[in-house]
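Trainee: So that we are looking at the same thing, I have put the structure below in structure tokens.
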Amino acid sequence: MRHHGFEGHAHGPATTAQLSAKTWVDFDRLFASNGGVWGGCWCMFFHSPGKFDAGAYERNRDAKQSLVSEGRAHGTIVYCGKDPVGWCQFGPKEELSRIDNKRGYAPTAEDPWRITCLFIAPKHRRSGLAKLAVAASVRAMKKLGAKAVEAYPVEGKSGAAFLYSGTPHLFEGEGFSRVKQLGKKSWIYSLSFPSRSQERSTKST
């Protein structure tokens, strides 16, 4: 099911859909037209804590498709008109386990969900699509029962290839808060969802 984003993008109306066996064809089209993204990763890097070959194009593609068919891969696909042009990967802690091995990492909440990767096709960058992808991903995670979400943006003016995890400004705009530094340029950002009782209490006041 497509969700509307905004109408003002130069290449057509922007919408989003969640990754599934049904939308795999669109994910496949986006990644295949961009070299598997980051040299053939197919957004598999964060799924496993072990050794990873980003250049193993076919193996990574097949592994990703298997996870999707098993319901063990999540993400938001961004479209301009009918064309898939962007992507945001998210998932529960156990689905994206590589973060756990990063030096200095400690979870900010019990069983947090994670946003690990963003990709916008080169011709569509700097047009608000990353913000749309993150916002749609946050809504999807809340609907799936997440209580808290972490993101790991990079600070500084790095090239697009080094900003696959987003920027602090992007996540601050979606209500995330800075928690602690993770490495030289990365930060842990966190967003917590109110419980249903808290939401009811807020609505009644």
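Trainee: Hey, in the GNM for the chain with a 10 angstrom Cα cutoff, which one of Pro153, Pro84, Pro107 fluctuates hardest?
Mentor: Answer for the Gaussian network model of the chain: Pro107.
Trainee: Hey, another quick one. Using only the Cα atoms of the chain, build the gyration tensor, take square roots of its eigenvalues as a ≥ b ≥ c, and label the shape rounded, prolate or oblate: rounded if a/c is under 1.5, else prolate if a/b is larger than b/c, else oblate.
Mentor: Values: a/c = 1.40, a/b = 1.15, b/c = 1.22.
The shape class here is rounded.
Trainee: Shifting gears a bit: Once phi is turned into ³J(HN,Hα) by the Karplus curve 6.51 cos²θ - 1.76 cosθ + 1.60 with θ = phi - 60°, what whole-Hz value does each residue of the stretch 36-53 show in order, with x for glycine and proline?
Mentor: x, 6, 6, x, x, 5, 6, 6, 9, 3, 7, 6, 10, x, x, 4, 9, 10
Trainee: Continuing with the same structure: Express the relative contact order of the stretch 22-161 as a whole percentage, based on alpha carbon pairs under 8 Å and six or more residues apart in sequence.
Mentor: Numbers: 187 pairs, mean separation 30.5, N = 140.
The normalised contact order for the stretch 22-161 reaches 22 percent.
Trainee: Let me know the charge dipole size of the chain about its Cα centre in debye, to the nearest 20, where only the beta-carbon of Lys, Arg (+1) and Asp, Glu (-1) is charged.
Mentor: Details: 30 positive and 18 negative charges, 71 e Å.
Result for the chain is approximately 340 debye, rounded to the nearest 20.
Trainee: Is there a pair in Lys22/Lys102; Lys82/Lys102; Lys93/Lys184; Lys93/Lys143; Lys102/Lys123 whose C-alpha atoms are over 26 Å apart, and which pairs would that be?
Mentor: Flagged as over cut-off: Lys22/Lys102; Lys82/Lys102; Lys102/Lys123.
All of the numbers you see were taken from the coordinates with simple rules; none came from a lab. Predicted model only: the values in this text are computed from it and were never measured. Positions of Cβ are generated from backbone atoms using ideal geometry, with glycine treated the same way; all protein chains shown enter the neighbour counts.
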